[in-house]
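A short worksheet on the structure shown next.
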Amino acid sequence: MSDDKSVGERLGDAVDAVKHKANEGADRARAEEHDYRAETSDNPLERAVEKGKGLVDRGKAEMHEAASERNAKESTR
């Protein structure tokens, strides 16, 4: 039995890589929005909450970036 993937499987991995990359961009954009809200808020509690939300979105973006890279590598095998 061969470890080679079919064209369909490789195409599926490539599509997954693109989806993860799109989600990464969306998460980074949301993180920037939260940073802006934190910087412009007069309420200290709201600033802390927005900073926390930004950290969560950055973490999700990193997860999507790693998944995208993994799927991109899988699509070339």
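FYI, it's all coordinate maths here, none of it is from the lab. It should be emphasised that the depicted structure is a prediction, and the values quoted were computed from it without experimental measurement. Note: ideal-geometry Cβ built from the backbone for every residue, glycine included; neighbour counts use all protein chains shown.
Any residue at all in the range 44-58 that's surrounded by fewer than 17 Cβ atoms within 10 Å (Cβ to Cβ) and under 10 Å from the mean Cα position of the chain (by Cα)?
No: zero hits.
If you take the residues of the range 59-77 that are surrounded by 14 or more Cβ atoms within 10 Å (Cβ to Cβ) and among the hydrophobic types (A, V, I, L, M, F, W, C), which of them is nearest to Asp4 (Cα to Cα)?
Ala72
For Asp35, indicate whether it is touching a residue at least 60 places away in the same chain (Cβ under 8 Å), surrounded by 14 or more Cβ atoms within 10 Å (Cβ to Cβ) and part of a helix (DSSP H, G or I).
No.
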